[in-house]
């Protein structure tokens, strides 16, 4: 007499387990934002030296720390002056975090079609390259941090 083995069923992860990653990411972002609010990156050397700035050009991220500090002080104009690309990306980052967190909370995955994900990645990289090039040209010097 042979007994058929019952298939092993993986139990669905609990909400607590599903929420671990979003809580860690949001907590890390909150801690970094608080640190940037408390220790002003506008002070020379307060957060070290940017490698690209030391080499004489502004990368797409240059001014990002100052932009976060300015946003925590509710000064959107100063933040945009520090790093316009970062300021424009904040709503998209918040949207993605909210969608991801909601999906983890409900247990229903947030599925982004591969084509859309690829298009978004190409658009982001293209925007970053163009932003870096333009902010380093004389005509785009107003974009420099």
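The table below lists the values:
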item: Residue in segment 38-51 that is touching a residue at least 40 places away in the same chain (Cβ under 8 Å) and part of a helix (DSSP H, G or I) present; result: no
item: Scope segment 14-30; condition within 14 Å of residue 108 (Cα to Cα) and either in contact with a helix residue (DSSP H, G or I) (Cβ under 9 Å, 6 or more places away or on another chain) or surrounded by 13 or more Cβ atoms within 10 Å (Cβ to Cβ) (or both); matching residues; result: 15, 18, 19
item: Hits in segment 53-65 (condition: more than 12 Å from residue 84 (Cβ to Cβ) and crowded, with 21+ Cβ neighbours inside 10 Å); result: 65
item: Test result for residue 100, farther than 30 Å from residue 138 by Cβ and surrounded by 15 or more Cβ atoms within 10 Å (Cβ to Cβ); result: yes
item: Given (1) more than 30 Å from residue 143 (Cβ to Cβ); (2) without any contact (Cβ under 8 Å) to a residue 12 or more places away in the chain, number of the condition residue 22 does not satisfy; result: (2)
item: Residue that is farthest from residue 67 (Cα to Cα) [pool: residues in segment 101-116 that are in contact (Cβ under 8 Å) with a residue 12 or more places away in the chain and in contact with a helix residue (DSSP H, G or I) (Cβ under 6 Å, 6 or more places away or on another chain)]; result: 104
item: Residue in segment 59-74 that is over 16 Å from residue 144 (Cβ atoms) and touching a strand residue (DSSP E or B) at 6+ places or on another chain (Cβ under 7 Å) present; result: no
item: Segment 118-145, residues that are modelled with pLDDT under 95 and surrounded by fewer than 12 Cβ atoms within 10 Å (Cβ to Cβ); result: 137, 138, 139, 141, 142
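The values are calculated or read from the model by the stated rules, or taken from the named source; none is laboratory data. These figures come from a predicted structure and were not determined experimentally. Positions of Cβ are backbone-derived with ideal geometry, glycine not excepted, and every protein chain shown enters the neighbour counts.
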